[in-house]
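Below is one structure; the comments refer to it alone.
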Amino acid sequence: MKMEREVFGIPAGEAFDVARWRAEFPILREQVHGHPLVYLDNAATTQKPQSVIDALADYYARDNANVHRGVHTLSQRATDAYEAARGKVQRFVNAAAPEEIVFTAGTTGAINLVAQSFARPILAKGDEILISAMEHHSNIVPWQLVCQQTGALLKVVPVNDAGELELDAYERLLGPRTRLVAITHVSNALGSVVPIERVIALAHARNVPVLVDGAQAISHVGVDVRALDCEFYAFSGHKIFGPTGIGALYGKAARLEAMPPYQGGGDMIRSVTFEKTEYNDLPYKFEAGTPNIAGAIGMGTALDYVSAIGIGAIAEHERDLLTYATEQVSAIPGLRMIGTAKEKAAIVSFTLHGVHAHDIGTILDHEGVAIRAGHHCAMPVMERFGVAGTARASFALYNTREDVDALVAGIHRVQRMFR
């Protein structure tokens, strides 16, 4: 950790300083409609520090070439940087080896890979896949598709009025035909933190493998896949200050070895004839075609950045913001909080009496405050709480209590306009 901190010019042991870190994000100096940008849409995508922007530019300016099998200098440098990024992902989530990290286009791509390559071959008519009622569409639709293809059934674990997983119902739904549990670590729509260790332990007691959708968790909580003991963990680079279009799937090596390739093409093969193809070793048999080389390098740099600060310091800062935001927003007359779990990440979702969520988002934007408005690709969650959509403010390491104050002032302005 000391070395990682020194890379970014931070003395080891220095206290978290949000003002210093805000200065690392160029976009936070933007003005929107004449107001300083208050960016509270981090659950959708996070902003990028200068180090990540520089890493992308540096690759394209100095090392741009295709990876693997190239004998020229640029290809070798690009390959080294690409594989170094894989190693950074491995260490960040504490996987046993780099071979357990498959680069994907994001969480969605990783989940689809598992659905088609792991689940589809083992499913038969009447088998069951278990998900929760708080899933993002990307952890619903791939399983619906694979159920349609195999005759398997999709079972849904309910959530309570606070937006917490009903563990008793989960235990009851785990049955002799359950072949996979696919569940979020943190809800993008509610902020609820799932008791993932317990979820995995209960599944494993029945010999059921588990895929965890970590898209929202990766930048908020420490992820140790070996401690969790999940079979698969999926996340996206752009949720943790990295580029869009890149993500990773962690899979236990034994599981990945047994899975057939999901897509065919270059780099996932060892040899090809018209009669037969021999597939490459892990993880390359799942990485068909030219990968997002710059994206992987940028994601690796983003993980370095987060490691330099420390996920614990980030979580502590975000807990303070969540507590403050919850107190301030809950005191607004006519505002209803959606998602009040005891364990939450830094997400505040709400509705405002008599005002459509999109109107809230539009008016706040004219105050320079960026939030998300709608169903957040979690339409079943909205149905569960009887709303068409919510306004969602989501926080990251660079947000401040002043940002919360700007949000609250903006909400009061919305109310004044709709009186």
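Rounded to the nearest 0.05, what FRET efficiency do Ala162 and Gln50 give with R0 = 41 Å and r taken as the Cβ-Cβ distance? Could you check?
So the FRET efficiency works out to roughly 0.55.
Where does each of 181-189, 388-396, 131-139 land if you order them by average Cβ count within 10 Å, highest first?
In descending order of packing, they fall as 181-189, 388-396, 131-139.
Determine, for each peptide in 88-100, 70-82, the mean count of other beta carbons within 10 angstrom over its residues, then list the peptides with the highest first.
88-100, 70-82
Which peptide among 302-308, 149-155, 38-44 comes first, and what is the full order, when sorted by highest mean count of other Cβ atoms within 10 Å?
Ranking the peptides 302-308, 149-155, 38-44 by packing returns 38-44, 302-308, 149-155.
Compute the distance from the alpha-carbon center of segment 159-205 to that of segment 276-352, in whole Å.
Using only Cα atoms, the two centres lie 19 Å from each other.
Stretched out fully, how many nm does the piece from Gln263 to Val141 gain, at 0.36 nm a residue minus the Cα gap?
In short, 42.0 nm is gained.
Once each part is reduced to its C-alpha centroid, what is the distance from segment 96-132 to segment 211-258 in angstrom?
Here the answer is 12 Å between Cα centres.
Provide Arg413, Arg62 in ascending order of the number of other Cβ atoms located within 10 Å of each residue's Cβ, fewest first.
By the 10 Å Cβ count, ascending: Arg62, Arg413.
Given the chain, what percent of its DSSP beta bridges are antiparallel, to the nearest 5? Intermediate values should be presented prior to the final figure.
Numbers: 28 of 46 bridges.
For the chain, the DSSP antiparallel bridge percentage is about 60.
Given H placed 1.01 Å from N in the peptide plane, which residues other than close sequence neighbours of Tyr279 have an amide H under 5 Å from its amide H?
Arg270
Please report, ordered by residue number, every helix of the chain (full DSSP H runs) that is 18 Å or longer along its axis going by C-alpha atoms and whose mean Kyte-Doolittle hydropathy reaches -1.0. Mind showing how you got there, number by number?
Numbers: long enough: 73-93 (31 Å, -0.62); 293-309 (25 Å, 1.36); 311-330 (27 Å, -0.15); 401-417 (24 Å, -0.28).
Both cut-offs are met by 73-93, 293-309, 311-330, 401-417.
Applying 1/(1 + (r/R0)^6) with R0 = 22 Å to the Cβ-Cβ distance of Asp405 and Val32, what FRET efficiency is obtained, to the nearest 0.05?
The calculated FRET efficiency here is 0.85.
All of the numbers you see were taken from the coordinates with simple rules; none came from a lab. All figures in this text were calculated on a predicted structure; none of them were measured in a lab. Positions of Cβ are backbone-derived with ideal geometry, glycine not excepted, and every protein chain shown enters the neighbour counts.
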